[in-house]
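S.K.: One structure coming up, written as structure tokens, with questions to follow.
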Amino acid sequence: MATISKLKELMSLPGAVAAGEFADDGRLIAYYGDIDEKSAEIAAMMCAANKLMGNMQAKGWSAYTGEGGFYPVLGFAVAGGKYAACIMGNVGVFVKLDQADFDKVFETLSKYI
Amino acid sequence: MANLDRLMQVKGVWAAGEFSPDGKLIAYKGNISEEHAAMAAKMCAANTLMAEMQAEGYTAFSGQEWVPLIGWALSGPKYSVCVVGNVGVFVKNDEVSFNEVFKALREVAGK
């Protein structure tokens with residue numbers, strides 16, 4: 001489980017506005033940042049659902065092509081409007097797009113896989 | 001037609017493609033068969049549509065501005081797929097700078 005101190009570490013990344021941890025079934029385990037609890041809860045559900053769908057696609061792709069490398073899914077990201085959501089394992093951070101350093105974000109998140 | 005040659009020049013990129021919103025393969029480059037590229041185009045279009053739905057829903061729910069959708073990425077142990085607009089690339093994780101890839105994709109996709 002990511003402790004609040006680890007979520008605070010994610011919050012120190014450039015442009016970070018929120019960080020959280022979710023369970024595989026979509027429950028919100030912990031979060032930190034400028035986001036209300038209901039929004040954090042639905043974000044946790046979306047993260048878990050996307051992770052599961054990503055794994056389904058990656059496993060199907062491996063079977064379809066006969067080549068590995070995409071499965072198991074380690075993480076994913078979505079960018080829109082002013083923000084990007086970056087998730088690895090069961091931990092994620094929301095960052096402002098105009099301030100984000102994605103290489104640093106993924107490097108930091110990879111510690112939580 | 002998107003400038004896929006520009007994307008193929010980015011370090012770590014080993015395939016690049018363009019797809020229509022309904023999942024048709026428009027063009028591709030790289031070491032991948034046409035059949036596999038066509039399947040990738042379908043998955044990319046489906047994921048983009050779902051991400052658009054989630055971004056619009058989350059914007060309404062949270063009051064934060066997550067629209068319009070710009071793109072998405074998915075990473076496995078060796079490779080990642082990165083998509084902006086209707087263009088995407090397959091990259092080698094141990095060679096790529098994601099900052100560089102996303103910048104090039106946004107230039108090529110015009111987003």
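S.K.: Using a 1.4 Å probe over the heavy atoms of the protein chains, calculate the carbon and sulfur portion of the accessible area of region A:4-112 as a whole percent. Intermediate values should be presented prior to the final figure.
M.R.: On the way: 2710 of 4950 Å².
The computed percentage sits at 55.
S.K.: Additional query: Any idea what angle helix B:98-109 forms with the longest principal axis of chain B, computed on alpha-carbon atoms, 0 to 90 degrees, nearest 10?
M.R.: 80
S.K.: A further question follows. Within chain B, how many Lys pairs sit with Cα atoms under 13 Å apart, leaving out pairs fewer than 8 places apart on the same chain? All intermediate terms of the calculation are to be shown ahead of the outcome.
M.R.: Working: B:LYS11/B:LYS92; B:LYS11/B:LYS103; B:LYS24/B:LYS42; B:LYS78/B:LYS92; B:LYS103/B:LYS111.
Lysine pair count for chain B: 5.
S.K.: Just the accessible area per residue of chain A, please: how many Å² with a 1.4 Å probe?
M.R.: Details: 5300 Å² over 113 residues.
Here the per-residue accessible area is 47 Å².
S.K.: Still on this model: Relative to the present Cα-Cα distance, how much length would full extension add between B:LYS78 and B:MET8 at 0.36 nm per residue of separation?
M.R.: Details: separation 70, 0.36 × 70 = 25.20 nm, distance 1.77 nm.
Between B:LYS78 and B:MET8, full extension yields an extra 23.4 nm.
S.K.: If you don't mind, another one. For an R0 of 30 angstrom, estimate the FRET efficiency from the Cβ-Cβ distance between B:ASN31 and B:MET53 and round to the nearest 0.05. All intermediate terms of the calculation are to be shown ahead of the outcome.
M.R.: Values: r = 33 Å, r/R0 = 1.09.
The formula returns an efficiency of 0.40 here.
S.K.: For B:LYS92, put the label point 7 Å out on the Cα→Cβ axis and report which residues of region A:63-84 keep their amide N under 16 Å from it.
M.R.: Inside the label zone: A:68-70.
S.K.: Could you go through region A:69-83 in sequence order and give the Karplus-derived ³J(HN,Hα) for each residue, using 6.51 cos²θ - 1.76 cosθ + 1.60 with θ = phi - 60°, rounded to whole Hz, and x for Gly and Pro?
M.R.: x, 9, 10, x, 5, 8, x, 7, 8, 9, 10, x, x, 9, 10
S.K.: Follow-up. Could you give me D for the protein assembly as shown, from Stokes-Einstein at 20 °C and 1.002 mPa s, where the hydrodynamic radius is the Kirkwood radius over C-alpha pairs? Units µm² s⁻¹, please.
M.R.: Values: Rh = 17.3 Å.
Reported coefficient: 124 µm²/s.
S.K.: Another question about this same structure. Return the carbon/sulfur percentage of the accessible area of chain B, one whole number, probe 1.4 Å, all protein chains in place.
M.R.: Working: 2910 of 5330 Å².
Roughly 54 percent of what the probe reaches on chain B is carbon or sulfur.
S.K.: Moving on. Please give the length that would be gained between B:GLU100 and B:SER20 if that part of the chain were fully extended, namely 0.36 nm times their separation in residues minus their C-alpha to C-alpha distance (nm, one decimal).
M.R.: Values: separation 80, 0.36 × 80 = 28.80 nm, distance 2.41 nm.
Extra length available between B:GLU100 and B:SER20 comes to 26.4 nm.
S.K.: For region A:4-112, compute Rh as the Kirkwood radius over C-alpha pairs and then the Stokes-Einstein diffusion coefficient at 10 °C and 1.306 mPa s; write the answer in µm²/s, rounded to an integer. The partial results should precede the final answer.
M.R.: Numbers: Rh = 14.2 Å.
The calculation lands on 112 µm²/s.
S.K.: Relative contact order for region A:4-112: what is it in percent, counting Cα pairs under 8 Å that are at least 6 residues apart? Intermediate results must be reported in sequence, preceding the final value.
M.R.: Details: 181 pairs, mean separation 30.3, N = 109.
Contact order relative to length: 28 percent.
S.K.: Could you give the radius of gyration (one decimal) and Dmax (whole number) of the Cα atoms in chain B, in Å?
M.R.: Gyration radius and largest Cα-Cα distance of chain B: 13.8, 43 Å.
S.K.: Moving on. Counting only other chains, and only Cβ atoms inside 10 Å, what mean value do you get across the residues of A:98-107?
M.R.: Values: counts 0, 0, 3, 2, 9, 7, 2, 2, 6, 1.
Taking the mean over all residues of the peptide, I get 3.
S.K.: Right, something else. Number of Lys-Lys pairs in chain A under 19 Å by Cα, sequence gap 8 or more or different chains?
M.R.: 10
S.K.: Leaving out ligands and nucleic acids, and using a 1.4 Å probe, what accessible area per residue does region B:4-109 come to in Å²? List each step's numbers first, then the result.
M.R.: Numbers: 4880 Å² over 106 residues.
It amounts to 46 Å² per residue over region B:4-109.
S.K.: How far is helix A:37-65 tilted off the main Cα axis of chain A, in degrees rounded to 10, range 0 to 90?
M.R.: 20
S.K.: Let me ask something else about it. In square angstrom and rounded to 100, what buried accessible area do you get between chains A and B, total over both, with the probe at 1.4 Å? The partial results should precede the final answer.
M.R.: Values: alone 6950 and 6970 Å², together 10630 Å².
Heavy-atom accessible area buried at this interface is about 3300 Å².
S.K.: Would you mind calculating the relative contact order of chain B from Cα pairs under 8 angstrom and at least 6 residues apart, reporting the percent as a whole number?
M.R.: Working: 195 pairs, mean separation 32.9, N = 111.
For chain B, the relative contact order is 30 percent.
S.K.: Using θ = phi - 60° and the Karplus relation 6.51 cos²θ - 1.76 cosθ + 1.60, list the HN-Hα couplings for region A:97-104 in order, rounded to whole Hz, with x at every Gly or Pro.
M.R.: 3J(HN,Hα) across region A:97-104, in whole Hz: 4, 6, 10, 6, 10, 5, 4, 6.
The values are calculated or read from the model by the stated rules, or taken from the named source; none is laboratory data. Owing to the predicted nature of the structure, the values given are computational and were not obtained by experimental measurement. With ideal geometry, Cβ positions are generated from the backbone for all residues, glycine too; neighbour counts draw on all protein chains shown. For the accessible areas, the whole protein counts, side chains as well, though only heavy atoms, and no ligand, DNA or RNA atoms are used. Shrake-Rupley method; radii C 1.70, N 1.55, O 1.52, S 1.80 Å.
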